[in-house]
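Since every read-out is calculated from the coordinates, none of them should be taken as a lab result. Just so it is clear, the structure is predicted and the values come from calculations on it, not from any experiment. Cβ placement follows ideal geometry from the backbone for every residue including glycine, while neighbour counts extend to all protein chains displayed.
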Amino acid sequence: MPPSTPTSDSALVAESDELHRRVQSFIATSDPSAGSFDALACALARHQVRHVTPVRRLFASAGVDPSFITRAEEIPALPTEVFRLRRVAPATARDDARVFRTSGTTTGQSGAHPMRRLDTYREGALAWGRQMLFPDVANLRKVALLSDEPRAPHSSLTFMVARFAEALGGDASFHWDGTSLDVDGLEHRLAGGPALVAGTSFAFVMLLDALGGRPLPLAAGSRVMQTGGFKGRTREVAPDALRTRLAACFSLPVASVVAEYGMTELSSQLYQPGVRDGDASYAYLAPPWLRVTAVDPASLAPLPPGAEGLARFVDLANVDSATAIVTMDRIRVDDEGRIHLRGRHPGATPRGCSLAIEPFLETDG
Amino acid sequence: MSRHGSDDDDEARRARVISLLTVARDWADRSHPRGRDLRVALRAHSPLSAEGRELALQRHLETIDRVSPDELDRFLARGRAHRADEVHVLLAGNVGTAALRAIAFALACAPRVTVRPSRRDPALARAIAAVVPEVHLVSCLTPAATHGVHLYGGDTTLDDLRRLPGRHLHFGSGFGVAVLSDDRGRRDANAVAEDLVAFDGAGCISPRVILAREPFAALERLHAALSASAVPRGPLTDHDRVALARARTTLQVVGTWREGPHHALGLDPTPTAPFLLPALRTALVLPLEVADASWFSHRKLTVIGGDGPTADALAAAAPHARRLRLGTMQRPPFDGPVDLRPFPVVVDAPTPRP
């Protein structure tokens, strides 16, 4: 494989800007043709091999020559753990417009996803949000069970919801201060016309607990987006049960309560199709600029439709980091391209009192 | 009168422990009928290879011949502090020989010991119950509020059982750190390899992180030492293979990976934080000068192997961790439970109804 020589900063910026332009064009036209997706994904991978050290090392260890790849599935996928251990971005941090961070609640150590530009992330989130969350209503009140941007500048979820609020017009309200939920303010804001209520699953459980079984009916046309798990929290509620309970609490059809699947390491999101299609399915849909594949957990080879494997993502909106990543989440992709979440891969067989990887990094005290 | 001038109860506790350690000599001996029977039983359950099981019995099982009088005195003194009418023990799996010290400690505390063996590795507990009349096996622990409860195992299991009545001692998950010195390169590598081969590196005192001033040289020496081991790793499950593949890819991106048929080592030359490889006879090598004692969860640190300023700094941060020579990290003195971290004591056991 020929050596990859890092180019100058100006060349990097020009190359990156051109790729951002192409990706935004792809998002705007939602061109689903596989050829252009693959060509763009491979161009991104070549850019990343030149400028992002972990991606360059990944290609080298996999023995893949970036100049010869033509299909997205040939791009080696970066394990998400690497975002906790290395900077997955061009070397200089001075050009970072924003650094999104994982919560680190499980490991005590957060992963980071530096962004040189935020507009591609914004365009992708808005384009898919318009289709999946607010395709039918132009005027929704925005209520978030989240911290606001000044309080959570590193939260990609907060960033996305704030952009939704801008796109929908009017103010958004944020009702989580990092430790507690402002239930009174939230109830006050929810009284009135149809609302988009967004928040983490954990915050919604806190709300349900605070209401103590009391319903909080929302106006017809409202919708709820919940996301995230319960890592590091004291209490978990099964996703199906939470969806049903939220629908009952807000007096909404179950289809109007949708889950979002996103992660700091991705710049694109998946949604359940309930709001758009009126379908209460638990499967998720990815936007055309995000290709999701189930891969064999050991070999990372793609699996046929219907087979269960680890989730591999090729995200065109990950322009300056790693376009292909692989998580430890198990999924099944059905014949229609819908993604079914199957929980986390358990990792190595538990071994007595040997320490699992995650508690190792818990902070003391 | 005992040589310590203590009462008969102390003598009875000593007698029970000595009796168990004496029988243990038979289990360690492959030519003894008890030793043969135990080997047959271990074959059905242990995750270790045949050679790994033999190593565990011959080298790591505590027997009366391997325990000094001074160690035994300290062991009994620790037991005395936790005396009870009855002790209930939950055993962890995988380090099959650990059942002996766990049950011995319970016998040092109480005249009656009730044991729930590990489902994955019950052989030694069954063998003990067959010859020690004070030990009784059960499938479910039902302690009274005045009883002792000794729980060994993963943190989730311990959390699940923390509301059992009784006076609890918890021995949860942990890990060991080995610190390699500058001037004993190959000897240290061979010693750490011994520590890592025992129980396939899956014990709570197994070295999972290795700090070295010359990490690349240490990695290669350790890789060579482990490659020369005559003790194969136990068979891997599909999940184990996935975890190893994940670790391999990650380490190839952030550092260097060395893998043999029965071991794997990763080196992160510029770590920003430590992490663990799956407990499959693996270890992560980190440069000594970069590693920061504050990185480690000191509640989880059970053993510090080696010496020098870094080992001293770790020990200062984790004073409960055992300090052991390299090569003996899996053979701590028989002076108490293997894990000497402060025992979390459950104080919110259910209050009896009036």
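For A:Glu15, what charge total do you get from the other residues with a beta carbon under 12 Å from its beta carbon, if Lys and Arg give +1 and Asp and Glu give -1?
In short, +1.
Select from B:Pro287, A:His345, B:Val135 the residue farthest towards the positive end of the dipole of the protein assembly as shown; place +1 on Cβ of Lys and Arg, -1 on Cβ of Asp and Glu, and compute about the Cα centre.
Farthest towards the positive pole: B:Val135.
Comparing B:Thr114, B:Thr97, B:Thr250, which has the greatest mean-square fluctuation in the GNM of chain B with Cα pairs linked when under 10 Å apart?
Between B:Thr114, B:Thr97, B:Thr250, it is B:Thr250 that shows the largest mean-square fluctuation.
Taking the Cα centre of segment B:227-346 as the origin, how large is its charge dipole in debye, to the nearest 20, when only Lys and Arg (+1) and Asp and Glu (-1) carry charge on their Cβ atoms?
300
If you fit an axis through the alpha-carbon atoms of helix B:238-254 and take the longest principal axis of the Cα set of chain B, what angle between them do you get, 0 to 90°, nearest 10?
Once rounded, the angle reads 40 degrees.
Evaluate the distance, in nm, between pseudo-label points positioned 7 Å from the Cα of A:Ser180 and of A:Arg21 along their respective Cα→Cβ axes.
5.2
How high is the FRET efficiency between A:Thr70 and A:Asp277 when r is their beta carbon distance and R₀ equals 60 Å, given to the nearest 0.05?
That pair, A:Thr70 with A:Asp277, gives E of 0.95.
What is the list of residues in segment A:274-296 whose amide nitrogen lies under 17 Å from a point 7 angstrom out from the Cα of A:Ala62, following Cα to Cβ?
In segment A:274-296, the label zone of A:Ala62 (backbone N under 17 Å from the point 7 Å along Cα→Cβ) covers A:290-296.
Hey, in the GNM for chain A with a 10 angstrom Cα cutoff, which one of A:Ser147, A:Ser281, A:Ser299 fluctuates hardest?
Checking each option, the largest mean-square fluctuation is seen for A:Ser299.
So between B:Phe216 and B:Arg323, what do we pick up on full extension, going 0.36 nm a residue minus the alpha carbon distance?
Going from the current span to full extension adds 36.0 nm.
Among DSSP beta bridges whose residues both lie in the protein assembly as shown, state the antiparallel percentage, nearest 5.
Here the share of antiparallel DSSP bridges comes out near 35 percent.
Pull up the DSSP beta bridges for segment A:145-294 and report the antiparallel fraction as a percent, rounded to 5.
Counting only bridges with both partners in segment A:145-294, antiparallel ones make up about 30 percent.
Placing unit charges on C-beta atoms (Lys and Arg positive, Asp and Glu negative, everything else neutral), compute the dipole magnitude of the protein assembly as shown about its Cα centre in debye, rounded to 20.
1140
Given charges of +1 on the Cβ of Lys and Arg and -1 on the Cβ of Asp and Glu, with all other atoms neutral, how large is the dipole of segment B:33-95 about its Cα centre, in debye to the nearest 20?
160
Counting partner chain Cβ atoms within 10 Å of every residue's Cβ in B:272-281, what's the average?
So the per-residue partner count for this stretch is 6.
So what is the relative contact order of chain A, in percent, for Cα pairs below 8 Å that sit 6 or more residues apart?
17
Quick one: order A:Phe59, A:Phe83 by neighbouring beta-carbon count within 10 Å, fewest to most.
Ascending Cβ contact count within 10 Å gives the list A:Phe59, A:Phe83.
Can you tell which of B:Leu161, B:Gly174, B:Val95 lies farthest toward the positive end of the dipole of segment B:88-199, using +1 and -1 charges on the Cβ of basic and acidic side chains (Lys, Arg; Asp, Glu)?
My answer, from the dipole projection, is B:Leu161.
So what's the gap between the Cα centers of segment A:231-295 and segment B:231-276, to the nearest angstrom?
34
When DSSP beta bridges are limited to those with both residues in chain A, what percentage is antiparallel, rounded to the nearest 5?
Approximately 60 percent, going by the DSSP bridge assignments.
At 222 nm, what value in deg cm²/dmol follows for chain A if DSSP H runs of at least 4 each add -39500 (n - 2.57) and the sum is divided by all its residues, to the nearest 500?
Helices in chain A give a 222 nm mean residue ellipticity of -10000 deg cm²/dmol.
Work out how far the C-alpha atoms of the protein assembly as shown reach from end to end along every principal axis, then list the three figures in whole Å, largest first.
Principal extents (largest minus smallest coordinate, Cα): 90, 72, 45 Å.
For n ≥ 4 DSSP H runs only, could you compute -39500 (n - 2.57) per run for chain B, divide by its residues and tell me the 222 nm figure to the nearest 500?
-11500 deg cm²/dmol
What spacing in nm lies between the two simple spin-label points modelled at A:Arg98 and A:Arg130, each 7 Å away from Cα in the Cβ direction?
Label at A:Arg98, label at A:Arg130, 1.9 nm between them.
Give the average, rounded to an integer, of partner chain Cβ atoms located within 10 angstrom of each Cβ in A:78-84.
The mean count of partner-chain Cβ atoms within 10 Å per residue comes to 5.
Taking the 0 to 90 degree range and rounding to the nearest ten, how far is the long axis of helix B:98-109 tilted relative to the main principal axis of chain B, both from C-alpha atoms?
The helix B:98-109 is inclined about 40 degrees to chain B.
For chain B, which cysteines have no second Cys with its Cβ under 4.7 Å from theirs?
Lacking a cysteine Cβ partner under 4.7 Å: B:Cys109, B:Cys140.
Taking K and R as +1 and D and E as -1, what net charge do the other residues with C-beta under 15 Å from the C-beta of B:Gln58 add up to?
Local charge sum for B:Gln58: +2.
Can you give the Rg to Rh ratio for chain A, taking only C-alpha atoms and Rh from Kirkwood?
0.96
With the dipole of the protein assembly as shown worked out from charges on the C-beta (+1 for Lys and Arg, -1 for Asp and Glu) around the Cα centre, which of B:Ile64, A:Leu58, A:Ala247 lies farthest toward the positive end?
B:Ile64
Between A:Val254, A:Val183, A:Val224, where does the largest GNM mean-square fluctuation fall for chain A, given springs only between Cα atoms within less than 10 Å?
A:Val183
Please list, short to long, the whole-number percent of alpha-carbon pairs of chain B in consecutive 10 angstrom bins beginning at zero.
Going from the shortest bin to the longest, the percentages are 5, 25, 32, 24, 11, 2, 0.
Which net charge results when you count Lys and Arg as +1 and Asp and Glu as -1 among the other residues whose beta-carbon is under 11 Å from that of B:Pro261?
Computed value for this residue: +1.
For an R0 of 30 angstrom, estimate the FRET efficiency from the Cβ-Cβ distance between A:Ser10 and A:Glu149 and round to the nearest 0.05.
0.45
With everything on Cα atoms, drop me the angle between helix A:201-211 and the longest principal axis of chain A, reported from 0 to 90° to the nearest 10.
Helix A:201-211 sits roughly 10 degrees off the main axis of chain A.
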